[in-house]
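In what follows, a single structure is set out as structure tokens and then discussed.
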Amino acid sequence: MRGLIPDNLLEDILSRVDIVEVVSGFIPLKKAGRNFKACCPFHHEKTASFTVSPDRQIYHCFGCGESGNAFKFLMRYERLEFPEAVQVLAKKTGVVIPEINSGPDKNTAFITQLYGINELAVAFYENNLTSPEGLKIKDYLLKRGVKEHSIKDFKLGVASDKWDALINHLRSKGSSLALLEKAGLVISKDSGGYYDRFRNRLIIPIFDIKGRPLAFGARVLDNSLPKYINSPETPIYTKGKNLFGLNLAKEAIRDKDQAVIVEGYLDFIIPYQEGLKNIVASQGTALTVEQVRLLKRHTNNVVVIYDPDKAGELAALRSLDIFIEEEMDVKVVSLPQGLDPDTFVRKNGIDALSGLIDSASDLFDYKLKVLKSRFNHKEISGKAKISSGMLESLSKIKNAVLKSEYLKKLAQELDIKEDAIIEESRKVKTDKPQLSISRGIDNKLSNANSAEMLLIKLMLEEAELIDHIKNHLGPEDFQDEKISGIVSIMFELAEQGKKVGANTLINHFSQEDVSRLVCESIFLPLQLNSDNKIKVADDCIKRLKNNSSMLKRHKLQEEIKLAHNAGNEQRLNNLMEEFQTLINKER
């Protein structure tokens with residue numbers, strides 16, 4: 001979505017806004033030299049490490065690493081998407097931006113119509129609760145433990161048994177049948193005409209995070225099938241991108257820094273009304289990456305509650321891997337057989353469920369327990385299957401220390417030598433390319449990384465150094481892939497005659513770690529002046545060139561070894577000649 005907003009408009013907005021004013025509107029700032037400081041709003045701390053630079057119009061937390069410009073702060077603090085943050089600051093600064101569209105059906109007027117027609121449908125279904133058949137369903141809800149205030153809070157309603165009740169009502173309000181079909185409220189007949197999608201069912205409206213009605217879930221009250229019918233996907237509703245109840249739970253999730261995830265609508269409604277406010281529902285399907293990332297905007301800590309059946313176990317295991325890949329802390333609650341969160345709370349009370357949440361198993365213990373229930377961990381073949389299943393998840397852990405400790409724990413649990421577990425873990429494919437270089441070279445590359453960061457700082461603080469550095473280095477000379485990308489954009493902006501500033505540079509990247517690199521480089525503790533800036537830049541350039549040559553030598557040495565072992569004389573001679581040329585250049 002960033003690319004849909006012209007760069008010049010983003011730069012115009014940032015030039016008119018003061019990040020100190022934006023941030024101080026949410027948290028108190030104190031002057032600290034040229035900067036301002038505060039306790040970080042994104043993690044708990046006692047000593048202020050959150051720094052705002054009015055000169056560079058960026059912020060950076062030295063505790064958790066959170067960094068960015070005014071757009072990024074609003075996104076993180078107010079849980080906004082990038083276009084939404086842009087709209088907020090555009091309105092504040094008086095900058096007019098075009099409508100942000102993503103397709104012919106995504107224009108504002110059409111979207112507004114869909115939300116509007118859904119609101120009319122919500123009111124219609126709610127009003128049906130006063131009808132004779134509606135009173136029966138209301139009585140059912142009360143007997144199921146749904147209280148009167150919850151029926152109103154969740155805007156629960158009833159679809160009558162008639163084929164055209166909603167159609168007739170909405171047409172009387174001036175709504176077209178084509179729009180009703182687009183909203184997923186009616187279905188077209190093969191013979192022509194339309195009929196209501198939902199009939200003789202309890203209606204549960206689904207709202208987005210802003211409280212706007214997106215879609216509906218419809219439940220039968222007898223044993224007929226299907227038990228649930230849901231709205232189809234529409235221009236405003238994609239099932240895998242929404243979490244039921246997040247509009248109500250977002251503040252509690254943020255305050256508690258934890259989200260509890262259940263499956264069904266009633267599994268959400270009953271615990272929520274009884275006091276468990278930091279809860280959402282996945283609407284009966286396995287969690288998607290989009291849902292996990294939506295939740296990550298509010299917390300990094302999740303407890304998943306699934307039904308204790310095989311399908312529930314499989315869904316939980318699939319979801320666990322998504323949480324791991326998104327670097328979230330996930331735990332799992334296993335309910336007693338035959339109970340879901342709805343029935344468990346009605347039978348045992350909310351305190352009992354809260355106790356299970358507090359003692360939830362971490363991802364390692366839960367998955368190991370499930371795999372041990374399926375395979376005999378005392379047999380060799382069982383150990384192999386269990387370890388293989390565990391390594392599928394452990395391979396996705398990005399933190400090296402955490403992964404190492406879990407591998408050690410797995411070896412102990414299965415009574416297997418740790419070396420064997422580590423060897424098997426190396427066979428598990430990951431999405432990250434592995435560099436075939438020695439540990440010694442890795443250490444030197446970490447030193448190169450500090451020089452690369454320093455070069456970013458130099459170019460951001462001294463614009464005239466960009467051409468000097470560009471004359472000696474290319475983006476490919478930077479070993480850190482993300483820094484290489486940053487440098488490439490800086491060179492490109494400079495060629496276009498544009499000002500290269502930290503706050504505008506950040507807009508060209510969506511990855512949080514790239515924003516962090518830019519901001520960390522700015523706050524590197526180095527004072528530059530006209531006497532030393534060229535010397536510092538040249539020292540960094542020399543270090544990068546040396547490390548680049550070292551990598552090339554090592555790569556050639558590996559290729560020479562492979563050519564020698566393969567008996568390929570012609571390739572061996574060519575590689576030897578290339579290696580000698582490289583050595584001569586370094587002298």
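Of all the helices (runs of 4 or more DSSP H) wholly in region 1-107, which have at least 2 residues that are more than 26 Å from the chain's Cα centre (by Cα), at pLDDT below 90 and within 23 Å of Lys210 (Cα to Cα)?
Result: 82-93.
Name the one entry in Ile534, Ile486 that is surrounded by 14 or more Cβ atoms within 10 Å (Cβ to Cβ), at pLDDT 75 or above and more than 15 Å from Glu452 (Cβ to Cβ).
Ile534
Just to verify a result, which residue in region 332-360, among those that are among the small types (Gly, Ala, Ser) and either surrounded by fewer than 18 Cβ atoms within 10 Å (Cβ to Cβ) or outside the structural domain of Val280 (by TED's automatic domain parsing) (or both), is farthest from Gly145 (Cα to Cα)?
Within region 332-360, the match that is farthest from Gly145 (Cα to Cα) is Ser359.
Here are Leu562, Leu493: which of them is at pLDDT 75 or above, more than 15 Å from Met459 (Cβ to Cβ) and hydrophobic (A, V, I, L, M, F, W, C)?
It is Leu562.
Failed condition for Asn301, given (1) in contact with a strand residue (DSSP E or B) (Cβ under 8 Å, 6 or more places away or on another chain); (2) at pLDDT 90 or above; (3) buried (at least 20 other Cβ atoms within 10 Å of the Cβ), with all others met?
Of the numbered conditions (1) in contact with a strand residue (DSSP E or B) (Cβ under 8 Å, 6 or more places away or on another chain); (2) at pLDDT 90 or above; (3) buried (at least 20 other Cβ atoms within 10 Å of the Cβ), the odd one out for Asn301 is (3).
Does Ser231 meet the test of being among the polar types (S, T, N, Q), more than 28 Å from His43 (Cβ to Cβ) and over 31 Å from the mean Cα position of the chain (by Cα)?
No; evaluated as a whole, the condition is false for this residue.
For region 172-186, name all the residues that are surrounded by fewer than 14 Cβ atoms within 10 Å (Cβ to Cβ) and without any contact (Cβ under 8 Å) to a residue 24 or more places away in the chain.
Ser172, Gly174, Ser176, Ala178
Does region 393-419 hold any residues that are touching a residue at least 40 places away in the same chain (Cβ under 8 Å) and surrounded by 14 or more Cβ atoms within 10 Å (Cβ to Cβ), and which are they?
Answer for region 393-419, where residues must be touching a residue at least 40 places away in the same chain (Cβ under 8 Å) and surrounded by 14 or more Cβ atoms within 10 Å (Cβ to Cβ): Ser393, Lys396, Ile397, Tyr406, Lys409, Leu410, Glu413.
Being under 31 Å from the mean Cα position of the chain (by Cα), of a type in the set (A, V, I, L, M) and outside any helix (DSSP H, G or I): is that true of Ile357 here?
no
Got a number for residues in region 7-62 being charged (D, E, K, R) and in contact with a Cys (Cβ under 6 Å, 6 or more places away or on another chain)?
1
Return yes or no: is Asn223 in the same structural domain as Leu141 (by TED's automatic domain parsing) and without any contact (Cβ under 8 Å) to a residue 40 or more places away in the chain?
yes
Before we move on, is Asp12 acidic (Asp, Glu) and without any contact (Cβ under 8 Å) to a residue 60 or more places away in the chain?
no
The values are calculated or read from the model by the stated rules, or taken from the named source; none is laboratory data. Worth saying up front: this structure is predicted, and the values here are computed from it rather than measured. Cβ: placed from backbone, ideal geometry, glycine included. Neighbour counts: every protein chain shown.
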